[in-house]
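K.L.:
Below: one structure in C-alpha cells.
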Amino acid sequence: MSKVTDYVDNLFFLMPRTDAAAEMRQKLMESAEDKYEALVSWGKNEDEALGIVVSEFGSMEEICAELGVMPIGMGADSREEQLARDYSFLNRRFSQGLGFGIILCVLGLVACILLEEMFFASDAISAGALLLLGGIGAAMITTASIQYARGKKLLQMGIPFGDDLRERKNAWVKKMEETLCGLIMLVATALFFIFGVAANAWHPAWVLFPLGGVLCGIVGILCEAAKKK
C-alpha cells in the first residue's frame with residue numbers, strides 16, 4: 001500500500017459509506033497516485049511529493065461539504081474538543097492494553113514458579129504455562145501498539161474518532177475475549193494430551209484445566225474493565 005493510498009484511506013475512514021463518498025474516494029485516489037508518481041519521477045522525494053499532493057486535497061470539512069455529509073460520530077461539539085477527547089481516549093486505551101499485556105506476562109512467570117515449587121509440575125508444564133500467558137500478553141501489547149499508532153496518525157491528520165470507533169472497540173474487545181478464552185482452553189487441552197501421551201504425566205497435567213479456567217476469568221475481568229473505560 002502506497003503512502004497516498006494510506007492517506008486517502010485514513011481521510012475517508014470516518015466518512016459514511018455512501019456511493020458518492022466511494023466515487024469521490026476513487027477519483028481522489030487515482031488523481032493523487034498519478035500526481036504523486038509524476039512528482040517522484042521529476043526528482044522529488046516521497047515525503048515532498050506526498051506533501052504537495054495532500055495540499056491539493058483540501059480539508060475534510062470541504063470534502064464533507066461537497067458530499068453533503070457529516071463524518072461519523074461528529075455532532076455539535078467543536079473539532080478541537082473532539083480531538084482533545086480522542087487523544088485522551090487513545091492514550092487511555094493504549095495504557096490499558098499495555099498494562100494488561102504486562103500483567104499477563106508477569107502472571108505467566110508466577111504460574112511457572114508456582115507449578116514447579118508448589119505442585120511439583122514438570123519443566124515442560126511450567127514452561128507451557130509461561131509461554132501461554134506470555135504469548136497472550138505479548139499479543140495484547142502488540143495489538144495495542146498497532147492501534148495506538150494508527151489512531152495517533154488519524155488524530156495528527158485532524159481526523160477525529162467519534163463514537164463509532166468506541167462502539168467498534170467494544171465489539172472488538174468482546175470478540176477478543178471470546179477468541180482468547182477459546183484459545184486458552186484449546187491450548188490447555190492440547191498440552192494435557194501432549195504431556196499425558198509423551199511423558200505419562202496425566203496426573204500433574206490436569207492442573208492445566210483449572211489454570212485455563214482462571215485465565216479465562218482474568219481475561220473476562222480485564223475485557224469488561226476495558227469496555228467501561
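Each value in this text was obtained by applying a stated rule to the coordinates, not by laboratory testing. What you see is a predicted model; the values in this text were computed from it and never measured. Reconstructed Cβ throughout: ideal geometry from the backbone, glycine too, with neighbour counts over all protein chains shown.
K.L.:
Apply 1/(1 + (r/R0)^6) to the Cβ-Cβ distance of D47 and T142, taking R0 = 22 Å, and write down the FRET efficiency to the nearest 0.05.
P.N.:
Plugging the Cβ-Cβ distance into 1/(1 + (r/R0)^6) gives 0.25.
K.L.:
Quick check: residue separation of E81 and N170 times 0.36 nm, minus the Cα distance between them. What number comes out in nm? Please list the in-between numbers first.
P.N.:
On the way: separation 89, 0.36 × 89 = 32.04 nm, distance 2.24 nm.
Gain on stretching E81 to N170: 29.8 nm.
K.L.:
Okay, next question. Using a cut-off of 14 Å between beta-carbons, work out the net charge of the residues near V110 (Lys and Arg +1, Asp and Glu -1, V110 not included). Walk me through the numbers on the way to the answer.
P.N.:
Details: positive: none; negative: E116, E117.
Overall, the nearby charge balance is -2.
K.L.:
What FRET efficiency do you get for D34 and V106 if R0 is 45 Å and r is their Cβ-Cβ distance, rounded to the nearest 0.05? Walk me through the numbers on the way to the answer.
P.N.:
Details: r = 52 Å, r/R0 = 1.16.
E(calc), rounded to 0.05, equals 0.30.
K.L.:
Filter K27/K153; K3/K175; K3/K27 down to the pairs with a C-alpha to C-alpha distance above 26 Å, please. It would help to have the intermediate numbers written out before the result.
P.N.:
Details: K27/K153 23 Å; K3/K175 30 Å; K3/K27 16 Å.
Distance filter (> 26 Å) returns K3/K175.
K.L.:
So, one more: If you stretched the chain out fully between S95 and K152, how much longer would it get, using 0.36 nm times the residue separation minus the C-alpha to C-alpha distance? Mind dumping the intermediate values first?
P.N.:
Values: separation 57, 0.36 × 57 = 20.52 nm, distance 1.37 nm.
So the chain would gain 19.1 nm between S95 and K152.
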